[in-house]
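Notes follow once the structure below has been shown.
Just so it is clear, none of the values below were taken in a lab; they were calculated from the coordinates. This one's a predicted model, so the numbers in the text were calculated from it and none came from an experiment. In this analysis, Cβ positions are derived from the backbone assuming ideal geometry, glycine residues included, and neighbour counts consider all displayed protein chains.
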Amino acid sequence: MKRTIKSRLKGLISVIGAAFILASCGEAPDVEGGELIKKARESYASLESARVTMTRTDTGEKEQEFVFKYDEKGLLTYSYVGKTDNKSYAQYNNSLESYTEENGKVTHLVKGDKDFAAYSKDAKHPQADMGLIIYQPGSVSEAKVTDENGVTHIHHEYDLEKISPELDEGTATAFFADYYFKGEELLYFTETTDVDIDGSKKTYAYKIEITDKNAVERVENPINTGD
């Protein structure tokens, strides 16, 4: 079965699901670096709170941020802010009500409304689950692990015959995921997509960092509600 990858370049990674959606075809054998990545995925999914930021490596501009925190009942409050060249999206959800702002238009929903979605430890938001950290060994065509001054660098190249990146424009020619560990601690990871747009080559590269682990005191609403 072909795995479908929803590229972070396609729109914004908000409530539409995990940035990379992979169809499961059973467990594939691990590739180099897999054990470290799996531990990092499990560790992330077990957090009570955290902040995830995505930064364009060529410009240093932070394009997306996701902040989450579970309460004593295990209910999730989260905020998300993202932008591309011509799109902006923000959302706040505290499991009782949500505010969504898309290109300046604000929508408000409350629990019980048809399209309202609440999340918890038992029904995780995709961005608060292990799928945030990409790892699909059955689709990796090349894997390499190197030591760089005490930092373990895991490099994975994905087979484009087994994944289908969805792009706003152009055709993907390569996709890479790189992970950087200090011991068993994931420092950050990067995603790089090479794209052909009408014969012109372009590279999109992002650095994803997970910070404020179990240290978020309050999730702020990034949307002006007029209150």
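Quick one: net charge of Ser49's neighbours, Cβ under 11 Å, K/R +1, D/E -1?
Charge balance near Ser49 sits at 0.
Compute the separation of the alpha-carbon centres of the range 127-152 and the range 181-205 and state it in Å as a whole number.
Going from one Cα centre to the other spans 12 Å.
Classify the range 58-165: rounded, prolate or oblate, from the alpha-carbon gyration tensor (a ≥ b ≥ c, eigenvalue square roots; a/c under 1.5 rounded; otherwise prolate if a/b is larger than b/c)? Intermediate results must be reported in sequence, preceding the final value.
Numbers: a/c = 2.14, a/b = 1.75, b/c = 1.23.
Because a/c hits 1.5 or more and a/b exceeds b/c, the range 58-165 counts as prolate.
Return one number: the angle in degrees, 0 to 90 and rounded to the nearest 10, between the long axis of the Cα atoms of helix 34-45 and the longest principal axis of the Cα atoms of the chain.
Relative to the chain, helix 34-45 is tipped by roughly 0 degrees.
For the range 90-142, what ratio Rg/Rh do Cα atoms give with a Kirkwood hydrodynamic radius?
Expressed as Rg/Rh, it is 1.16.
Within the range 91-141, report the trypsin sites (Lys or Arg not before Pro) that DSSP leaves as loop and that have at most 11 other Cβ atoms within 10 Å. Mind showing how you got there, number by number?
On the way: sites: Lys105, Lys111, Lys114, Lys121, Lys124; in loops: Lys111, Lys114, Lys121, Lys124.
In loop regions of the range 91-141 (DSSP not H, G, I, E or B), the sparsely surrounded trypsin sites (Lys or Arg not before Pro) are Lys114.
Add +1 for every Lys or Arg and -1 for every Asp or Glu among the other residues with Cβ under 14 Å from the Cβ of Asp196, and state the total. Display every interim value, and only then the final one.
On the way: positive: Lys201, Lys202; negative: Asp168, Glu169, Asp194, Asp198.
For residues surrounding Asp196, the net value is -2.
Within the range 162-227, report the GluC sites (Glu not before Pro) that DSSP leaves as loop and that have at most 16 other Cβ atoms within 10 Å. Mind dumping the intermediate values first?
Working: sites: Glu166, Glu169, Glu184, Glu185, Glu191, Glu209, Glu217, Glu220; in loops: Glu166, Glu169, Glu184, Glu217, Glu220.
Sites meeting the loop and neighbour criteria: Glu166, Glu169, Glu184, Glu217, Glu220.
Going by C-beta contacts inside 10 Å, put Arg218, Arg41 in order with the fewest on the left.
On the way: Arg218 8, Arg41 18.
So the residues, fewest neighbours to most, are Arg218, Arg41.
Once fully extended, how much extra length lies between Arg218 and Lys121, figured as 0.36 nm per residue of separation less the alpha-carbon to alpha-carbon distance? Write down the numbers at each step before the final one.
On the way: separation 97, 0.36 × 97 = 34.92 nm, distance 1.74 nm.
Taking 0.36 nm per residue and subtracting the Cα distance, the gain is 33.2 nm.
Take the Cα gyration tensor of the range 153-204, multiply each eigenvalue by 5, square-root it, and list the three semi-axes largest first, rounded to whole angstrom. Provide the component values of the computation, followed by the final result.
Numbers: eigenvalues 136, 25, 13 Å².
Semi-axis lengths for the range 153-204 are 26, 11, 8 Å.
Based only on other Cβ atoms within 10 Å, what is the fewest-to-most ordering of His108, His156?
His108, His156
With Cβ to Cβ distances under 14 Å as the rule, what net charge do the other residues near Asp115 carry (K, R +1; D, E -1)? Please report the intermediate quantities before stating the final value.
On the way: positive: Lys111, Lys114; negative: Glu97, Glu102, Asp113.
Neighbour charge sum, excluding Asp115 itself: -1.
Give me the base-10 log of I(q)/I(0) for the chain at each q in 0.11, 0.13 Å⁻¹, Debye formula, one uniform scatterer per Cα, rounded to two decimals.
The Cα Debye sum returns log10 ratios of -0.58, -0.81.
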